[in-house]
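Asker: Shown below is the structure under consideration.
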Amino acid sequence: FLNEYTRIQDIGLLQEMLNVLKNGQADLVGCQTSKGCNGFHFENGILNCWRGDNMNPKYPSGTCLIMKSELFRKMKGFDESFKNGCEDIDLFLRIEKDGGKIKVIDKVIEHEEAQSLGRFDHIKENIEFFNKKWSNKYKINL
């Protein structure tokens, strides 16, 4: 998956992501982004966004991901109840719940964050849906 507002400066980034997947080091592989939210982690069950350099987020930004199509089908894709927001984190958590591994490589992709049309039109509903769905373990603060 590659967000339309990303630019790949180093094709080696994609090759490294693919190698991680092929070598069985992870079931879904992502990278960090050059601007805004580099990736995510949960602290005491609350979602936090990594910002800045030299970070090692647990979960990648959803802007550039590689996974096998069989796993995507097994997970039934992105939950379409989300409308352009939170669906990536939900997918990561479902993969882990199923026993899969997520890896963030130490490479950066250029990404113009939040440029997708209507990106924040449904953010409140997305967060409320996420919190209801994962209420027993995870939460995103409004």
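Asker: Taking the Cα-to-Cβ direction at Asn19 and at Lys58 and moving 7 Å from each Cα, how far apart do the two end points lie in nm?
Answerer: Taking the simple label geometry, Asn19 and Lys58 are separated by 2.7 nm.
Asker: Only Cα pairs within less than 10 Å get springs; with that Gaussian network setup on the chain, which residue of Lys74, Lys107, Lys58 has the largest fluctuation?
Answerer: Its mean-square fluctuation being the largest, the pick is Lys74.
Asker: Carbon and sulfur together cover what percent of the accessible area of region 21-96 at a 1.4 Å probe radius?
Answerer: Carbon and sulfur: 45 percent of the exposed surface of region 21-96.
Asker: So, counting K/R as plus one and D/E as minus one, what does the shell of residues with Cβ under 14 Å around Asp90 add up to?
Answerer: Net of charged neighbours comes to 0.
Asker: Shifting gears a bit: Trp50's amide H: which non-local residues (gap 5+, or another chain) put their own amide H closer than 5 Å, with H modeled 1.01 Å from N in plane and none for Pro or chain starts?
Answerer: Here Asn38, Gly39, Phe40, His41 satisfy the definition.
Asker: Quick one: accessible area per residue over the chain, 1.4 Å probe, rounded to a whole number of Å²?
Answerer: 59
Asker: Now, a different point. Mean-square fluctuation check for the chain, GNM, Cα pairs under 10 Å: which of Phe72, Phe40, Phe92 is largest?
Answerer: The residue with the greatest mean-square fluctuation here is Phe72.
Asker: Counting helices only, and only those DSSP H runs with n ≥ 4, report the 222 nm mean residue ellipticity of the chain as the sum of -39,500 (n - 2.57) divided by its residues, in deg cm²/dmol to the nearest 500.
Answerer: Helix-only estimate at 222 nm: -8000 deg cm²/dmol.
Asker: How large is Rg over Rh for region 1-91, taking Rg from the Cα atoms and Rh as the Kirkwood inverse mean of 1/r across Cα pairs?
Answerer: With Rh from the inverse mean 1/r over Cα pairs, Rg/Rh is 0.95.
Asker: Moving to a separate point now. Along the Cα→Cβ direction, 7 angstrom out, place labels at Lys107 and Gln9. What is the inter-label distance in nm?
Answerer: 1.4
Asker: Right, here's the next one. Using packing as a proxy for protection, rank 124-131, 19-26 so that the peptide with the highest average count of other Cβ atoms within 10 Å comes first.
Answerer: 124-131, 19-26
Asker: Of the candidates Ile89, Ile11, Ile105, which one comes out as most mobile in a Gaussian network treatment of the chain with C-alpha springs shorter than 10 Å?
Answerer: Largest GNM mean-square fluctuation: Ile11.
The values are calculated or read from the model by the stated rules, or taken from the named source; none is laboratory data. If you're wondering where the values come from, they're calculated on a predicted model, not measured in any experiment. Heads up, the Cβs are rebuilt from the backbone with ideal geometry, glycines too, and the neighbour counts pull from every protein chain shown. All accessible areas refer to the heavy atoms of the entire protein, side chains included, with ligands and DNA or RNA removed. Shrake-Rupley method; radii C 1.70, N 1.55, O 1.52, S 1.80 Å.
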